């Protein structure tokens, strides 16, 4: 196991890494990989490419539901806490107002709703992206360094049900990849 | 002089001819409404109050249009160019509101108790306020508001139309330079107009938030009207393929945001007055908690905020024009109730009394507004054809 995250299944290879020479080539390659029915694959680029999510066939994120549930939890919790504390737990007369009144609790209800919504969005974003991830098998591929500079890549993971080293390589070649390499699961590229 | 690239839109997509029928419908509605309002109101005070609500209602839509155009210009918004002309057309009706103001000026003694000498004589507060609250200054201020609003609305509208003909990109630059001035003047005039025409119905009461309150409602109104007008154009075969679901989604996002903003302002005003508990401030809400006024206020909290808040939250709803038409119609009704709830407790102390005069005055002002809107819209393209950022707007997509 070691540095390799447990989320990747066992096996000798991580998958195939295909390199493209332009964002446009990557974009169209993504459409073909998507149409070929692959699920466990990703595109890598130094900068965001407009419309790539539909070219990759990505579904919409589930993150908004996390935000909604946690935001409502925060709001309801905030209101409930204040109502209980001020009206039931520790009733105190404050400037002649009734114990049980909703008006002064609205700002804190709102704040707690926003707070939990915002925090859960950040935490949820990390969780859905499987972050933090301190090592990734692709770091072993020497060409992959270019992804922070001028390299455009598609990686197809070996545990994709449709993955077949030879057939997948043929597909990636046909999408216009300039270079394809097999990436080992632990250290470095195989070829 | 550089020319904007020609965009492939055919004339059926941008023809405003379909709006011509609004002119006739509006004119008929206006005449019938005015006649009915005058005939029905044996009580002239009722007529003036109904007129004031209807006037503020349609004025808020047109002013919202001015704000929307100014904010699109000042932010150099690319996305909104495709639907900007529709909003410009609403804004361009502003000059007619100077004419529609005449009944309010004529009815000032019925509407505004501070104009009655016998009331002012018994009120030290009103005497103290007389440097501001006197008829001459009131009239002068109204003139000033109309000059500012009509000036900016007409200039922005005609310049945009001029660009259709000559494609001059410098027009965009010039309007962008002028828009910040417009926004500042808009903020001042709208705030003071709200104080003059709405807040001073109860001249001894004041709230520093009142101008923003009216403004927040007016933005909700113009966004709703924009959604309705785009869908009206769709039904007539215009704007299809120009204003897309992506643009509607963005308008719906703004609508979602501004219903929250309205609630935020409405609650803040209520909350501060509730907390401080000073009689001269609480009187406003005391009057509005009598009888059915209280139910109306609660209904607003739900109908003007909670319902649209949860309704407009999902992305899928913001991309369905049928649902957007439904919520826009609902919010326009809520906006009317909001203004009615602000104005009418001054006249009807015991509870809400929505009567035939209200409907008639609404038809009268609304008819004139609709006629002006139809007249403006039918005389030019429904899309700013040679705006330099139109291609950007046409290809706009939400991420």
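Give the distance, in whole Å, between the Cα centre of region B:271-316 and the Cα centre of region B:221-253.
If we compute the Cα centre of each part, the gap is 30 Å.
Taking Cα pairs under 8 Å and at least six residues apart, what relative contact order does chain B come out at, in percent?
Relative contact order for chain B comes out at 41 percent.
Can you tell me the relative contact order of region B:114-199? Whole percent, Cα pairs under 8 Å, sequence separation 6 or more.
So the answer I get is 27 percent.
Can you tell me which of A:154, A:88, A:52 moves the most in a GNM of chain A? Springs connect C-alpha atoms under 10 Å apart.
A:88
If you average over every viewing direction, what projected area does the convex hull of the Cα atoms of chain A give, in nm²?
Result: 15.1 nm².
Round to the nearest 10 and give me the degree value, 0 to 90, for the angle of helix B:81-91's Cα axis relative to the longest principal axis of chain B.
Approximately 40 degrees, to the nearest ten.
With a point put 7 Å past each Cα toward its Cβ, work out how far residue B:235 is from residue B:294 in nm, to one decimal.
Between residue B:235 and residue B:294, the simple spin-label model gives 4.0 nm.
Return one number: the angle in degrees, 0 to 90 and rounded to the nearest 10, between the long axis of the Cα atoms of helix B:44-74 and the longest principal axis of the Cα atoms of chain B.
40 degrees
Taking 8 Å as the Cα distance limit and 6 or more residues as the minimum spacing, I'd like the relative contact order of region A:121-191 as a percentage.
Computed over region A:121-191, the figure is 35 percent.
Put one equal scatterer on each alpha carbon of region A:63-128, apply the Debye formula with no solvent term, and list log10 I(q)/I(0) at q = 0.16, 0.20, 0.29 1/Å to two decimals.
Computed log10 I(q)/I(0) values: -0.56, -0.73, -1.11.
Along the Cα→Cβ direction, 7 angstrom out, place labels at residue B:246 and residue B:118. What is the inter-label distance in nm?
Using points 7 Å along Cα→Cβ, the separation is 6.6 nm.
For chain B, modelled as a GNM with alpha-carbon contacts under 10 angstrom, which of B:290, B:219, B:365 fluctuates the most?
Maximum among the listed residues: B:290.
In a GNM of chain A with a 10 Å cut-off on Cα contacts, which of A:50, A:136, A:28 has the highest mean-square fluctuation?
Answer for the Gaussian network model of chain A: A:50.
Go ahead and run the numbers for FRET between residue A:61 and residue B:176, Cβ-Cβ distance against an R0 of 25 Å, rounding to 0.05.
My answer for the efficiency is 0.10.
If the viscosity is 1.306 mPa s and the temperature 10 °C, what Stokes-Einstein diffusion coefficient in µm²/s follows for the protein assembly as shown when Rh is the Kirkwood radius over Cα pairs?
57 µm²/s
With the Cα gyration tensor of region B:1-151 giving a ≥ b ≥ c as the square roots of its eigenvalues, does the rule (a/c under 1.5 for rounded; else a/b larger than b/c for prolate; else oblate) give rounded, prolate or oblate?
Oblate shape, in that a/c is at least 1.5 and b/c is the bigger or equal ratio.
Based solely on its DSSP helices, what 222 nm [θ] is calculated for the protein assembly as shown when runs of n ≥ 4 H residues each add -39,500 (n - 2.57) and the sum is averaged over all residues, nearest 500 deg cm²/dmol?
Counting only the DSSP helices, I get -20000 deg cm²/dmol.
Under a plain spin-label model, where a point goes 7 Å from the Cα along Cα-to-Cβ, how far apart in nm are residue A:123 and residue B:333?
Distance between the two pseudo-spin positions: 4.1 nm.
Roughly how many Å is it from the Cα centre of region B:122-142 to that of region A:127-191, as a whole number?
Rounded to whole Å, the Cα centres lie 77 Å apart.
Once the Cα atoms of helix B:356-378 and of chain B are each reduced to a long axis, what angle between those two axes, in degrees from 0 to 90 to the nearest 10, is obtained?
20 degrees
Jot down the per residue volume, in cubic angstrom and as a whole number, of the convex hull over the alpha-carbon atoms of chain B.
Values: hull volume 53.5 nm³, N = 399.
So the per-residue Cα hull volume is 134 Å³.
Taking N as the number of residues in region B:130-228, what is its Cα Rg relative to 2.2 N^0.38 Å? Each step should come with its number before you reach the end.
Values: Rg = 16.7 Å, N = 99, 2.2 N^0.38 = 12.6 Å.
My calculation over the Cα atoms of region B:130-228 gives 1.32.
Bear in mind that the values in this text are calculations on the coordinates, not laboratory data. Quantities reported herein were computed from a predicted structural model and do not represent experimental measurements. Glycine also receives a Cβ, built like all others from the backbone with ideal geometry; neighbour counts cover every protein chain displayed.
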